[in-house]
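Working notes, structure below.
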Amino acid sequence: MSPPTPETLAERIPTGIPGMDTLLGGGLLRAGIYMVTGRPGAGKTIFANQFCFHHASRGTNAVYVTLLAETHGRMLNQLQSLAFFRREYVGSKVRYLSGFSDIESDGLAGLMRTLRQAVRDDKASVLVIDGMVTAASYAKSEVDYKKFIHELQTWVAMMGCTVLILTSGPNDGTVRPEHTMVDGLVELGVRHLPPRSSRVVRITKFRGSGFLEGDHLYQISGSGLSVYPRCEVAFQSWVDPLHVVSAERAGLGNPGLDRMLGGGLRRGSTALALGSSGCGKTVLGMQFLAEGARRGEKTLHFGFFETPAALIFKGEQLGWPLRAWLESGHQHILWQSPAEGQLDLLAHRLLTAVRDLGIQRLFIDGLVGFKEAAESERMSGYLAVLGEVLTGMNVTTLITEETRQLFVDDVHIPTGGVSAAFHNILFLRQVELDAKLRRLISVMKTRDSIHARDLFEFEIAQGGLDVGAAFSGGNNLMKGEPRGGTTSGQPQVPPPAPRRKPKLLARPRKSGK
Amino acid sequence: MGETILIVDDEYSLVESLSDILGMEGYPIVSARNGRQALEVLERVHPSLLLLDFMMPVMDGIQLLEAMDQKGLLAKIPVILMTAAPMGLPKENRKWTALLIKPFELEELISLVRRVLDTQRAG
């Protein structure tokens, strides 16, 4: 006889675990046997119970069989604080049984009888076997154990029941006999990126289906288990390669600024505002959003440093009724602590908010919040996908990035390899001229668009950045070391020193040499 | 005493599962692992229904049907032929009563068994 072919078992069973079904291509396959492995504390029990309660909420029954795992009382005690838990399902739609006495008296055959009877009696479409290590220890041989799983497979195929087998293991790549038998393997593990550790889920086998490979972040919270698929792969399907580039412009709320950019930022484009601390980057971003809110657009401030209260205060000082815009839904603020960031979690929060709130203008303050959460080698790919998705959603985005020093020889983007991810790059500087710090802004790049090539002086006043006429106060201004400046800002005869054009460079990677 | 069902399949786990399910439905079960063993069983037992796998070692399902036909048993015993490869079945001279495509589910199996037995009783 031939075993059931995957094609014939193609009906998907959603797990009810947010993000997990994205990894699985829609869910587990009905009547398959899936092994969930991980060290104690990895969340296997929560994973399985969340699956059971999700099914119960859809009107079907689940049986949860334990084998020398924690007592049912202790398990239920711990589960009841989780959002998915429904006390009314316990004993009716989700039934907990111990299979230990059967396996102790009659070995694997006794356990098989218990499982069959429980599934049949409850008409269960989900079966969990928790503590499979115990079953393995009762097998007389490896063949015996494999035979048990094979029998279980045949049985559940007929019953249309999907099985989760929970087992402890170090996830060290060791292939155990039962791994060859089951239809899928889900590993719950930990990735150490000192000083931080992240919980990661990895699918290493899924018969009859494609899946998102590699490590994906997961978290356990009051909602239960949530998976955040790696941004680079999870959102690829959101990217529309045939997205039509918009010619429409999103104004920045100041005629001088808009003139510099040929009328504003192109709709759906991403812009980087680069500059040192205190030069006005956040104000520029808030101004960009304020102009959108004033026009009745939906805007989002996604920040890492200034809290919503601080932003409201700042906005009011600059003349923007943030509180009213927040109430009317024209502005939203999502504040993240930079210390808590997880790169994929941030992308999910951001893009989900953008999609769900129908955001048209987005301000991310700043790029460093993602860098704090990132493995450095991922940043360029991550930002490229993020930018492509936002462009595909026609969201006009402004992101800030802080240069490390006030006065430098070359203009670096501190995050390496990311300049290609931005359609526009604005550079804000403070320069010392006649014992005064003066603020300048220039456009260093606009893709497929014409922009002013001059430097412009600006003031921060009510309404944000007020950009004046082109500045002609000297040379070497971009480096913050002007030569030939005047106190009045009027042109002065420049000194003979050769003017070196500032270079836009990615920060060189450390070679270790 | 219910109507005995003879299950003929080389897949041990399937025989176990079918025996368990149909046993719970009240049918006495006998089993054999291939066509030749089944012929031996048929010398001693007179089942009301035969659940027969198509592909088996020693003597497959079609060969068993031929042998049963020659012995005149097919007139008395309805046969449900089970297979995961219906494309491999002979196009002509089909001697089975009903076909069950693997993998099948419990409800499908039980309703077919009941239907075939009802027809047999009526006929």
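Where a number appears in this text, it was derived from the coordinates with a stated rule and is not lab data. Note that the structure is a prediction, hence the values are computed from the model and not measured. So basically every Cβ, Gly included, is an ideal-geometry build from the backbone, and we count neighbours across all protein chains shown.
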### Task
Return a whole-number percent for the relative contact order of the stretch A:24-92, with Cα pairs under 8 Å and 6 or more residues apart as the contact set.
27
### Task
Using the Cα centre as the reference, give the magnitude of the dipole from point charges on the C-beta atoms of the stretch B:1-40 (Lys, Arg: +1; Asp, Glu: -1; all else neutral), rounded to the nearest 20 debye.
140
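Mind putting a number on the dipole of the stretch A:200-246 about its Cα centre? Charges go on the C-beta only, +1 for Lys and Arg and -1 for Asp and Glu, and I need it in Debye to the nearest 20. Walk me through the numbers on the way to the answer.
Working: 4 positive and 4 negative charges, 51 e Å.
Using only the charged Cβ atoms, the result is roughly 240 debye.
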### Query
Hey, rough spin-label estimate for A:HIS179 and A:ASN77, points 7 angstrom out along Cα→Cβ, what's it come to in nanometres?
3.6
#### Entry: Footprinting exposure proxy for A:VAL244, A:VAL182 (fewest neighbouring C-beta atoms within 10 Å first)
A:VAL244, A:VAL182
### Whole-Hz couplings from phi, Karplus 6.51/-1.76/1.60, listed for the stretch B:66-76; x for Gly and Pro
4, 5, 5, 4, 5, 8, x, 7, 5, 5, 9
### Summary
Whole-Hz Karplus couplings 3J(HN,Hα) for the stretch A:431-443, θ = phi - 60° and coefficients 6.51, -1.76, 1.60, Gly and Pro as x, run 10, 8, 9, 6, 6, 10, 8, 10, 9, 10, 9, 9, 9
### Summary
Within the stretch B:69-97, the residues whose backbone N lies under 20 Å from a label point placed 7 Å from the Cα of B:ASP118 along the Cα-to-Cβ direction are B:77-81, B:97
### Task
With runs of 4+ DSSP H residues as the only contributors, calculate the mean residue ellipticity of chain B at 222 nm using -39,500 (n - 2.57) per run, divided by the residue total and rounded to the nearest 500.
-13000 deg cm²/dmol
### Task
Let me have the relative contact order for the stretch B:24-123, percent, based on Cα pairs under 8 Å that are six or more residues apart.
23
### Query
Between A:ASP454 and A:ALA420, what FRET efficiency follows from the Cβ-Cβ distance if R0 is 22 Å, with the result rounded to 0.05?
0.35
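Could you calculate the contour length gain from A:GLN462 to A:LEU193, that is, 0.36 nm times the residue separation minus the distance between their Cα atoms, to one decimal place in nm? Show your work: numbers first, answer last.
Working: separation 269, 0.36 × 269 = 96.84 nm, distance 4.40 nm.
Net length gain for the segment: 92.4 nm.
Determine, for B:LYS76, A:LYS314, the number of other Cβ atoms within 10 Å of each Cβ, and report the residues in order from fewest to most. Please report the intermediate quantities before stating the final value.
Working: B:LYS76 12, A:LYS314 15.
Placing the least packed residue first, the sequence is B:LYS76, A:LYS314.
Once the piece of chain linking A:GLU88 and A:HIS243 is laid out straight, how much longer is it, given 0.36 nm per residue of separation minus the C-alpha distance between them?
Details: separation 155, 0.36 × 155 = 55.80 nm, distance 4.84 nm.
Gain on extension, A:GLU88 to A:HIS243, equals 51.0 nm.
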### Query
Check B:SER31: other-chain or 5+ apart residues with amide H under 5 Å from its amide H, H built from backbone geometry?
B:ILE7
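Give me B:SER17, A:SER141 sorted ascending by neighbouring Cβ count inside 10 Å, so fewest comes first. Walk me through the intermediate numbers first.
Working: B:SER17 25, A:SER141 9.
Ranking B:SER17, A:SER141 by Cβ neighbours within 10 Å, fewest first, gives A:SER141, B:SER17.
Can you tell me, using C-alpha contacts under 8 Å and at least 6 residues apart, the relative contact order of the stretch A:75-218 as a whole percent? List each step's numbers first, then the result.
Values: 141 pairs, mean separation 22.1, N = 144.
Here the relative contact order equals 15 percent.
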